[in-house]
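Asker: Handing you this structure, nothing more for now.
The values are calculated or read from the model by the stated rules, or taken from the named source; none is laboratory data. None of these values were measured; they are calculated from a predicted model. Cβ atoms come from the backbone with ideal geometry, glycine included; neighbour counts cover every protein chain shown.
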Amino acid sequence: MTENQLDQLRGQLDQVNLQLLHLLSERAQIVEEIGKIKEQQGVPKFDPVREQEMLNKLVANNPGPFNDATILQLFKDIFKASLSLQEEEHKKHLLVSRKNSPEDTVVQVKNTFIGGGSSVMVAGPCSVESYEQTREVAAAMKKAGVPVLRGGAFKPRTSPYDFQGLGVEGLKILKQVGDEFGLATISEIVTPADIETAAQYIDIIQIGARNMQNFELLKAAGDLRMPIVLKRGLAATLEEFLHAAEYIVSRGNNQVILIERGIRTYEKWTRNTLDISAVPILKQESHLPVLVDVTHSTGRKDILAPCARAALAAGADGIMVEVHPNPAVALSDAQQQLNIPQFFDFLDNVKGSGLFNG
Ligand code: PEP
Ligand code: MN
């Protein structure tokens, strides 16, 4: 073979590459069109039956010299790339996606801004147990400069024999104490029937981990025009988490705050496993504020501060932590709540890191 022939064949190969590129791009455009139709029809992008049909047709028409396995491998890669293209397109259509709206969502509650670069601390008891107990924590929060008080009134407990919360009475206590100290309040609501009532008493409605995919509750939260904090489900993927948030935002309520609260793994030395990687991924994928609940994710008082620092370093917009005047006698989560002096130490530690920008 002469140098001349080699150059000629290489020239032909370059031409074929360009033709292949052109055909691949043409194929990708058709794939995008199909993706749009599927999006409108709400049908899944991946259709294994159709994919198998296409592969069968290709093998049946394979002229060689590539063997069938190689042809299958090559086309499967093309199909995979096409599916990713459709999925990227789908993400752009999600209202919670940063692709759809690049600016950070900032949720205002009273005089506090959540998201958009400043850090927020949300603290308070696991459960509202009495006016006195809640007031004592609120007074400490006020002193510490913590703007948002949490406290559960409807408690989703593993056992039906455990304390279930004070219900609406608990919400009224939060309102009274919040008004007295000028604190914003957060409490979990577990059923759509209570959502309108709750809106009269508290500033932020929490949808807890166990209800992350309670779609009727998400829809009811989406019909409100007030901030909602949505906690990640115990075994939810980040995609499922964002789709749950999409339920709320798609009904016109864009004041949604996401909370990573740990997921179930085989690890026994923490209550859950704090998924730190969720923070930068959620911040990248979505414009919604992201908080980290260090209490429920770890279930251990001794590692709250390093976990809070890690969360902030990873880009979290704030921290949620449980505080009780006397954790030993708390009616829920007695093991994991900080007492008030411990909370002040925790706050000093977190602020001392220079990562808390609040
Ligand atoms: C809570 O914050 O009170 C709570 C029950 O948390 P989670 O839903 O994350 O378990
Ligand atoms: Mn708790």
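Asker: Please enumerate the residues belonging to region 267-311 that are more than 15 Å from the chain's Cα centre (by Cα) and small (Gly, Ala, Ser).
Answerer: 299, 305, 308, 310
Asker: Also: Assuming residue 319 fulfils every condition listed in (1) more than 16 Å from ligand 2 (Cβ to nearest atom); (2) under 30 Å from residue 103 (Cα atoms); (3) hydrophobic (A, V, I, L, M, F, W, C) apart from one, which condition is it?
Answerer: (1)
Asker: Here's a follow-up. Does residue 18 fit the bill of being modelled with pLDDT of 95 or more, surrounded by 10 or more Cβ atoms within 10 Å (Cβ to Cβ) and in contact with a Phe, Trp or Tyr (Cβ under 7 Å, 6 or more places away or on another chain)?
Answerer: Spelling it out, it is not the case that residue 18 is modelled with pLDDT of 95 or more, surrounded by 10 or more Cβ atoms within 10 Å (Cβ to Cβ) and in contact with a Phe, Trp or Tyr (Cβ under 7 Å, 6 or more places away or on another chain).
Asker: Could you give me the residue pairs with C-beta distances under 9 Å whose first residue belongs to region 334-346 and is part of a loop (DSSP other than H, G, I, E, B), whose second residue is surrounded by 15 or more Cβ atoms within 10 Å (Cβ to Cβ) and β-branched (Val, Ile, Thr) wherever it lies, and which are 6+ apart or on separate chains?
Answerer: Final answer for the pair search is 336/295; 336/298; 337/295; 337/321; 337/323; 339/323.
Asker: Give the residue that is surrounded by the most Cβ atoms within 10 Å (Cβ to Cβ), with candidates limited to residues of region 264-289 that are closer than 24 Å to residue 324 by Cα and among the hydrophobic types (A, V, I, L, M, F, W, C).
Answerer: 274
Asker: Still on this structure, please answer the following. Give the number of residues within region 224-277 that are under 24 Å from residue 308 (Cβ atoms) and of a type in the set (Gly, Ala, Ser).
Answerer: 6
Asker: In region 312-327, how many are in a loop (DSSP other than H, G, I, E, B), hydrophobic (A, V, I, L, M, F, W, C) and surrounded by 22 or more Cβ atoms within 10 Å (Cβ to Cβ)?
Answerer: Final tally of qualifying residues: 1.
Asker: Consider residue 122 against the criteria (1) out of contact with any helix residue (DSSP H, G or I) (no Cβ under 8 Å at 6 or more places or on another chain); (2) part of a helix (DSSP H, G or I); (3) buried (at least 16 other Cβ atoms within 10 Å of the Cβ): it satisfies all of them except one. Which criterion is unmet?
Answerer: Single failed check for residue 122: (2).
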